[in-house]
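The values are calculated or read from the model by the stated rules, or taken from the named source; none is laboratory data. All of these numbers come straight from a predicted model, not from anything done at the bench. Cβ atoms come from the backbone with ideal geometry, glycine included; neighbour counts cover every protein chain shown. Heads up: the accessible areas ignore ligands, DNA and RNA and are worked out on the full protein's heavy atoms, side chains in. Shrake-Rupley method; radii C 1.70, N 1.55, O 1.52, S 1.80 Å.
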Amino acid sequence: MTERLRVGVDMSILRHPFAGTSRWATGLVRTLRADPSLAVKEWVGARRLKRGGPARKVGNLLLERAWYDFELPRRAQGAGVQALIMPANLTAGRTKIPQIVTIHDVNFLSRPGTYDRLYAIYAEREFRRSAARASRITTVSEYSRAQIASYFGIDRSRIEVVYPGLDEPPAESPGLAPLDQPYALYVGASEPHKDIPTAIRAWRHLADIPLMLAVVGQPGRDHDNVEALASQMHGRVVVAGQVSGQNLERWYRCATVFVFPSQTEGFGYPPLEAMLRGVPVVTSRAASLPEVLGPASLYFDVGNDEMLADQVRRIWVDQALRQRLIEDGHRQAALYTWAATGAAIGRIVRTVLGHF
């Protein structure tokens, strides 16, 4: 029997709030564990400070650097891994072990001002270092590949697109709808680049339709603004905050339409998750979204609330269009599987190590 390749995976992203990068890391490592040719070792990283005011951010950055520059290399060397898979943009320093890093996007550069300033400064520096250190760079869309190559001056041939997979929804019914009338759904953090205000403003043009808008997701830096705008909509917009598990499943499956007004996305899980559950999607024509969603979505121009409202109205009144979007959405979502993702990353590992 051929000896399995020893691979280490940095899972310290799980110390952060669960989002798209966490979803990529957990889906990927689950698939790699099932590969009989690989022996997978995982590390979750250093604990993060949860208190401390403004100094907390600086403290967490210092803890993160200590992990990547000292502790992770020491553990990887001690475990005798032959390669490191770095699924969350950053690489380890002070090690000669080959590293395969996934840089998801450079949205903090392409949409300046929509990200925390300290994070943007730190991310630009460290992502550049990651790209220089990596034996191989992967990313999650052709859009991100072009952006990374352009902003960091990297030859595109060094970057390989490996699309994420989607988790299958539970088979059982999630229960009763969370609202007692039809609603459109947005899922995602209330960060400035997600542009939730455009979706809320669209509902000013939809007063003739008995359709609410529900905003679900972790509160972010734009949350106060989102709540303030929602409060002006006479009860037609609900800000539900963060939900998970079966509650999130109920929001998805019972929605009439899914709206996604984001200004930029490296990939974009939520609209695909809606498609997987048979919910028609309206999304902005931004960044990777047309690439990832293809012809299975209706589109509107970034920031154009009237155009968004028109597309929602089309789905409301045209049952044939609605059914076509549901069927196309199922086909589109089926393109993204963790089996394909794991096979691609496994091939890259074997190529880097010379095991063809």
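Take Gly346 and tell me if it is modelled with pLDDT of 95 or more and either assigned to a helix (DSSP H, G or I) or farther than 17 Å from Tyr186 by Cα (or both). Before you say what the answer is, go through the steps one by one.
Details: modelled with pLDDT of 95 or more: yes; either assigned to a helix (DSSP H, G or I) or farther than 17 Å from Tyr186 by Cα (or both): yes.
Spelling it out, Gly346 is indeed modelled with pLDDT of 95 or more and either assigned to a helix (DSSP H, G or I) or farther than 17 Å from Tyr186 by Cα (or both).
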Which one is modelled with the highest pLDDT, of the residues in segment 230-265 that are within 14 Å of Pro178 (Cα to Cα), surrounded by fewer than 19 Cβ atoms within 10 Å (Cβ to Cβ) and among the small types (Gly, Ala, Ser)?
-> Ala240
Which condition does Ala189 not pass, out of (1) surrounded by fewer than 18 Cβ atoms within 10 Å (Cβ to Cβ); (2) assigned to a loop (DSSP other than H, G, I, E, B); (3) of a type in the set (A, V, I, L, M, F, W, C), if it passes all the others?
-> (1)
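Could you tell me how many of the residues in segment 74-96 are outside any loop (DSSP other than H, G, I, E, B) and either out of contact with any strand residue (DSSP E or B) (no Cβ under 9 Å at 6 or more places or on another chain) or open to solvent by less than 80 Å² (accessible area, probe 1.4 Å) (or both)?
Initially, segment 74-96 is screened for residues outside any loop (DSSP other than H, G, I, E, B), giving 74-79, 83-86.
Next, only the ones that are either out of contact with any strand residue (DSSP E or B) (no Cβ under 9 Å at 6 or more places or on another chain) or open to solvent by less than 80 Å² (accessible area, probe 1.4 Å) (or both) stay: 74, 76-79, 83-86.
Result for segment 74-96: 9.
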Looking at this structure, is Leu176 touching an Asp or Glu at 6+ places or on another chain (Cβ under 8 Å) and outside any helix (DSSP H, G or I)?
-> no
Restricting segment 199-228 to residues that are part of a helix (DSSP H, G or I) and more than 25 Å from the chain's Cα centre (by Cα), which is nearest to Asp180 (Cα to Cα)?
-> Trp203
Return yes when Ala134 is among the hydrophobic types (A, V, I, L, M, F, W, C), in contact with an Asp or Glu (Cβ under 8 Å, 6 or more places away or on another chain) and buried (at least 16 other Cβ atoms within 10 Å of the Cβ) and no when it is not.
-> no
Could you grab me the full set of residues in segment 12-40 that are among the aliphatic types (A, V, I, L, M), open to solvent by less than 50 Å² (accessible area, probe 1.4 Å) and over 19 Å from Thr139 (Cβ atoms)?
-> Leu38, Ala39, Val40
Residue pairs qualifying under the 6 Å Cβ cut-off, at least six apart or on distinct chains, with the first in segment 48-73 being open to solvent by 50 Å² or more (accessible area, probe 1.4 Å) and the second being not in a helix (DSSP H, G or I), are Arg56/Leu49; Leu63/Ala46
Tell me which residues, restricted to segment 253-298, are under 15 Å from the mean Cα position of the chain (by Cα) and part of a loop (DSSP other than H, G, I, E, B).
-> Pro261, Ser262, Gln263, Thr264, Glu265, Gly266, Phe267, Gly268, Ala286, Ala287, Ser288
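Within segment 146-160, can one find any residue that is in contact with a Gly (Cβ under 6 Å, 6 or more places away or on another chain) and under 30 Å from Thr341 (Cα atoms)? Give the steps one after another, and end with the answer.
Of the residues in segment 146-160, the ones in contact with a Gly (Cβ under 6 Å, 6 or more places away or on another chain) are none.
Within segment 146-160, none of the residues are in contact with a Gly (Cβ under 6 Å, 6 or more places away or on another chain) and under 30 Å from Thr341 (Cα atoms).
Mind listing whichever residues of segment 97-114 are within 17 Å of Gly20 (Cα to Cα) and either surrounded by fewer than 18 Cβ atoms within 10 Å (Cβ to Cβ) or of a type in the set (Val, Ile, Thr) (or both)?
Our first condition is that a residue be within 17 Å of Gly20 (Cα to Cα); within segment 97-114, this holds for 101-108.
Of everything in segment 97-114, those that are within 17 Å of Gly20 (Cα to Cα) and either surrounded by fewer than 18 Cβ atoms within 10 Å (Cβ to Cβ) or of a type in the set (Val, Ile, Thr) (or both) turn out to be Val101, Thr102, Ile103, Val106.
Inside segment 119-167, can you point out the residues that are outside any helix (DSSP H, G or I), over 25 Å from Tyr269 (Cα atoms) and of a type in the set (Gly, Ala, Ser)? Spell out the reasoning first.
We begin by selecting, within segment 119-167, every residue outside any helix (DSSP H, G or I); these are 134-141, 153-155, 159-167.
Narrowing the set further to residues that are over 25 Å from Tyr269 (Cα atoms) leaves 134-135, 153-155.
Answer for segment 119-167, where residues must be outside any helix (DSSP H, G or I), over 25 Å from Tyr269 (Cα atoms) and of a type in the set (Gly, Ala, Ser): Ala134, Ser135, Gly153.
In segment 300-318, what count of residues is obtained for those that are among the small types (Gly, Ala, Ser) and either touching a Gly at 6+ places or on another chain (Cβ under 7 Å) or surrounded by 20 or more Cβ atoms within 10 Å (Cβ to Cβ) (or both)?
First, the residues of segment 300-318 that are among the small types (Gly, Ala, Ser): 303, 309.
With the extra rule that they be either touching a Gly at 6+ places or on another chain (Cβ under 7 Å) or surrounded by 20 or more Cβ atoms within 10 Å (Cβ to Cβ) (or both), the set shrinks to 309.
The total comes to 1.
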Complete set of residues in segment 97-118 that are touching a Phe, Trp or Tyr at 6+ places or on another chain (Cβ under 7 Å) and free of Cβ contacts under 8 Å to residues at least 40 places away in the same chain = Phe108
